[in-house]
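Take a look at the structure below.
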Amino acid sequence: MAADTTATSASASNISVAEQLEQLSAARKLVLENSTYYDRIVKGVLPIIGPTAPLELRRWGAEFLAESLATPVLAMRDKENITVAVLDTLRALLDGAGEDAIVLKASVAAAASAYPVALRWIIHNSYHTESWEQMTAIKARILRIWDGAPAPVMLSCIKFAQRVVLAQTASNGMEQKYHGLDISLNLIPANHPLLDPRQLEAEATGLLDRMLGVLQDNSSDALLVDATLNCLSILSRTRPNTTYRILNAVLNFNPLKLANSPMTPKTRVFVKSLEKTTRVFLTHFLRRDPNNALSRRIQQYLEKLMRSRAEIFDDAGRKRALADQAAAGHGDAKRQKVEAAGVAHISIPPLGQGPHTLAGVFTLTNSLGLQAFDATQLPANLAAKISVRTLAGLDQQVLDFAIAGIRDRLTSLHAARAAAAAAAQPMVYNAATAPLGVEEEDDDYEPDLTPAEDTEQILNKLDNAPPEEPMEPTADSGVAMALGPFKLPPPPTLDPDAAAKLSQAAASRVFGPLSVLKEGSALRKPKAGINRLAASSYDRDSWLTLITRLATRSTASLDLDNSSSNGSIKPEDADTALDRSRGMSLGDTIREMLYTYILEDWRRRIEIAVAWLCEEWYNDQLTKRSGSGGQLHYEKWALRLVDGCLSYITAQDKVLTRFLAEIPELSRALLGKLKALCADPTTVQLALTSLLYLVMMRPPVREIALDTVAEIWTEYEDARPLAAKYLVKWRPGFIESQTRPPGDEAMSANNMAVTT
Amino acid sequence: MDTTNGSAGPLAPALAPAQDGQRENESGGFRLKLCTVCASNQNRSMEGHLRLAQANYPVISFGTGSLVRLPGPTVTQPNVYKFNETSYDSIYRELEAKDPRLYQANGLLNMLGRNRVIKWGPERWQDWQVGMPRVKHEKDQGSVGMEAGVPDVVITCEERCWDAVVDDLLSRGSPLNRPVHVINIDIKDNHRDALIAGGAMVDLADSLNKAALEERSKVGAVTFDAGGAASRASFDERVPEVLGEWQERWPDLPATWTLSWF
């Protein structure tokens, strides 16, 4: 009926514009109330709003068309009918030379809504070429007026272009299936008589580039950039062919370019808008498609953007942060207001009759709400924070007063002996939320679940969860809570055997690193001579130096003879009465292990043996000098080492020669050990060569060495020829003196041996 | 609805259209259609809704939270309600039955009492179908002029809500091809700040509406190569400028703006 009125009023030209507008508004109200009228009314108003109509009517008409073509209430089929019907008028409005900006803006918006619908219509009704021609003409017109149009028209043109790109690019099917958003290149058959998919796609590509131009030019016109960014999202999300180009353009766009120019109120709004719009666009994309190849670039871009923004809007941010801090420190302002007063003057009412909970005894507030508060619901760290902050800011007098009050309560309770545990009612029933049953709410309540909502969802769930276990009230206050002094259990008494075992274990650990440490590079390095540092690097050599010194200079027996120690180097006298009573001293334990270690591979470890013996000798000298009468070790361990080596020695082991040459002191007893070698014919030469070397190279021991050779000559028949040779050279006359006194018999025997 | 709302309801809407009619005649009839958004559609957005409706703007309001959350006896026990299914009046009566003293003292009953005469109940932004005719909302304050259900300007009351709104519009894919200015005003969520900001919102709406009116009053042919002078600039272009000037007047309410699409 209203439609009829409208139709008739249109034809009657004698009605004023205001009256016509009123009638049109009534018609619009009618379709909003009942969508079945859309078809009739839209078609009915078309003659009134044409390009020859007064401006007010054209404006109203264009806006009504835009609204009608976009309305979500109509099904696609109804929309197709209307769309096809209005194309003619739409084209006429757009074609009008010098048309009003508002009319143009609305008409282009209407065309943007019409485009996908018309395209779908043509896909299915290819005979209807006229509609497609109209639509193509409208498209051409819009794309022509795009450049240089007033801003509002330009906005609509951007959106129109976006709809064309959306409709003419292949979809990945991720878009919502409404409002024609799902109309894409996929719907167009390759052999369509009117539509050439390749051509349409090429056009879309070109239009997208034109849209992105505003970003590529790094335009500072926030209006156009925002409008572009805010409609690119669905393209980048659902039209894979556009994704890379769009994101690339956005990532190359600098939204903060304007920040360098003087900040007028308007530029401030611009900069903030560009920055935030870009950020929302990118985070939106990132959240929908976190595994995109460009994700890392987007993230970097966003981080950089955040930093730059922080610098630019520093002052504003700081001001806000302070307010936030205050809110965090003192709780939510909104919720704090209840019972905020009354803390300053506390009154502590004595407890009445009847059982009381422990919490009740300590409750000082009169507020019912606060009394009901179950502090155990607070997370421990929050409770700790609150406690610390409260205690820090608490007035000493108030605290004293409160403590005195609690004490009075407890004494009065004690006196009354109203014992018996009181079962407090735990606050399980959350009256606030229970009746609603919000817990049953689940995810499908959210039509579009975004992570931004998630935290809130979780919070809500937490809100609805029943409170955690209520604190079990204890009847006897205080006693159970007090902590007694805590003592560590005494260590087991240590008997000498156990101590010895433990020290042995400790010593063996000292040798642990040797197996993993690398061979020192000392051999390759030039020797530093007397200036070398004993253990400056963590290699095996250094560690061995450490071990030898630990063995020889350890301070285990210091307490026994403190006064005799001289300087930093402690004399080694481990073998004291005390140590003897416990078996071996730590030093001896280490020596024993060092000995075993050397003998394990004595040919290669002879150097270590030399170094060790040098240390022993040095310490013995110090001990002697101090006159403390401490034990001497050098001789003992040198003999053991030689003994140890000799049992395995072969004729090729020239290392013996070297060993004897390098150890600091040689004794008759030590060299005497060599005699044993001469029992074996194969090692005779080794023994004698070693001695000869000593005779030649170590004059201080020459006599002892020669004595040993002489003894060999005397004792071992098999060694005589070689020994004699040396003796002839180094101790002329010895052999003669040996041979003469026993008499001719011996001499003749000797001569015989020589002659034979 | 119920008696309380029923008695108070007719009064306010009856008042609004009368004023609206007057103002419409004075101002050439055009009023920007507005939308206010906060987290729970209770305090800040509803204060804005009321004040803008009283200033004769067509206005609707929403919350972006997942649920309506109101303070309870403790911080950890908020009162939680569903959007779109719970009326302000039922919340009012429930809280009043629970602890009238507490909820009177913290201002909740006062707020809900105000809200229940503005509209039926809290609505959720994400569930709102843009462009669905709102012809069943005649009783709502600010409903006149909002029948088509599409605002020109959305005002959010918190950065988080602005993000949610802009992000949601991206998700929707802008099917209506209709531009919308989304403006955030940072308002702390308490009664006092909401009250102050309500005035600021009206100031902003008036400034924006003035710019829109000036655009509409320019009758005549479009000169495509114009665009220079500010007086000739369109409404859309002038929004950031108007907001910048508004920001100077309201420095304590930091604002953000973007142009998005429905």
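Readers should treat all values here as calculations from the given coordinates under stated rules, not as data from a laboratory. Owing to the predicted nature of the structure, the values given are computational and were not obtained by experimental measurement. When we count neighbours, we look across all protein chains shown, and the Cβ atoms used for this are built from the backbone with ideal geometry, even at glycine.
Results, tabulated for the structure shown:
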| item | result |
| --- | --- |
| Inter-chain Cβ neighbour average for residues A:62-72, partner chain, 10 Å | 4 |
| Taking N as its residue count, the alpha carbon Rg of the stretch A:347-421 over 2.2 N^0.38 Å | 1.23 |
| Partner chain coverage, peptide A:149-155 - average Cβ within 10 angstrom | 6 |
| Whole-Hz couplings from phi, Karplus 6.51/-1.76/1.60, listed for the stretch A:592-601; x for Gly and Pro | 4, 6, 5, 4, 4, 4, 5, 5, 4, 8 |
| Placed amide H near B:Trp257: partners under 5 Å, 5+ positions off or other chain | A:Ser273, B:Asn184 |
| Cut-off under 5 Å, modelled amide H: who pairs with B:Ser61 long-range | B:Thr36 |
| Sequence-separation-based contact order of the stretch A:347-421, relative, with Cα cut under 8 Å and 6+ spacing, percent | 57 |
| Filtered GluC sites (Glu not before Pro), the stretch B:92-164: DSSP coil and at most 13 other beta carbons within 10 Å | B:Glu138 |
| Dipole in debye (nearest 20) - the stretch A:347-421, about Cα centre, beta carbon charges: Lys, Arg +1; Asp, Glu -1 | 120 |
